[in-house]
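The values are calculated or read from the model by the stated rules, or taken from the named source; none is laboratory data. This one's a predicted model, so the numbers in the text were calculated from it and none came from an experiment. Cβ sites come from the backbone with ideal geometry, for glycine too, and all protein chains shown count toward neighbours. What goes into the accessible areas is simple: the full protein's heavy atoms, side chains included, and nothing from ligands, DNA or RNA. Shrake-Rupley method; radii C 1.70, N 1.55, O 1.52, S 1.80 Å.
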Amino acid sequence: MLHAHITSWVLAIILFIIAFSLNKQGKQHGFKTVQRILRVFYLFIIITGAQLLFSINVNFTYIMKAVFGIVVIGFFEMILSRAVKKQPTGVFWGLLVVAFAIVVYLGYTLPMRAF
Ligand code: HEM
């Protein structure tokens, strides 16, 4: 399940970047398709993450890991929806990077290891 979790968020990042650049190029049809696939990957991330949570004795750090994981998904969505409306996204990119760094740090300091 850990591998499925990692594969899901790595692919989600790639899809997010593709969606962002398609929107920037004005390719709205492609953007909408990629955004739909991306949203399915959010579900994969949450389902695999929840299964990992249910497989262990959860403590506060795990809860923080899960909360920040959902926050990262929230920033993906906010950046894309603001980019579509041509609103500035700079602050949200900064917040995304910080939240992402926290999630990866927590993920790799918690005991399960895929690599
Ligand atoms: C984009 C969002 C997310 C990212 C980037 C992410 C990243 C990671 C990383 C890097 C690991 C460690 C992998 C390893 O040790 O090899 C991990 C493990 C885990 N993730 Fe996520 N995650 C995200 C979302 C979530 C969500 C939403 C949940 C809960 C619903 C969750 C629950 C977990 C759990 C329980 C583990 C196992 C922790 C451990 O190593 O002991 N994650 N995740």
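Mind counting the residues in region 1-36 that are in contact with a Ser or Thr (Cβ under 7 Å, 6 or more places away or on another chain) and modelled with pLDDT of 95 or more?
3
Which one of these is touching a residue at least 60 places away in the same chain (Cβ under 8 Å) and either touching a Phe, Trp or Tyr at 6+ places or on another chain (Cβ under 6 Å) or β-branched (V, I, T) (or both): V84, V98?
V84
What is the number of the single condition among (1) surrounded by 15 or more Cβ atoms within 10 Å (Cβ to Cβ); (2) of a type outside the set (F, W, Y); (3) in contact (Cβ under 8 Å) with a residue 12 or more places away in the chain that T7 does not meet?
(3)
Does T89 fit the bill of being among the hydroxyl-bearing types (S, T, Y) and either without any contact (Cβ under 8 Å) to a residue 40 or more places away in the chain or touching a Cys at 6+ places or on another chain (Cβ under 6 Å) (or both)?
Against the criterion (among the hydroxyl-bearing types (S, T, Y) and either without any contact (Cβ under 8 Å) to a residue 40 or more places away in the chain or touching a Cys at 6+ places or on another chain (Cβ under 6 Å) (or both)), T89 qualifies.
Is it the case that region 56-63 has a residue that's more than 25 Å from F92 (Cβ to Cβ), open to solvent by 40 Å² or more (accessible area, probe 1.4 Å), near the ligand (Cβ under 9 Å from one of its atoms) and assigned to a loop (DSSP other than H, G, I, E, B)?
Yes, region 56-63 contains a residue that is more than 25 Å from F92 (Cβ to Cβ), open to solvent by 40 Å² or more (accessible area, probe 1.4 Å), near the ligand (Cβ under 9 Å from one of its atoms) and assigned to a loop (DSSP other than H, G, I, E, B).
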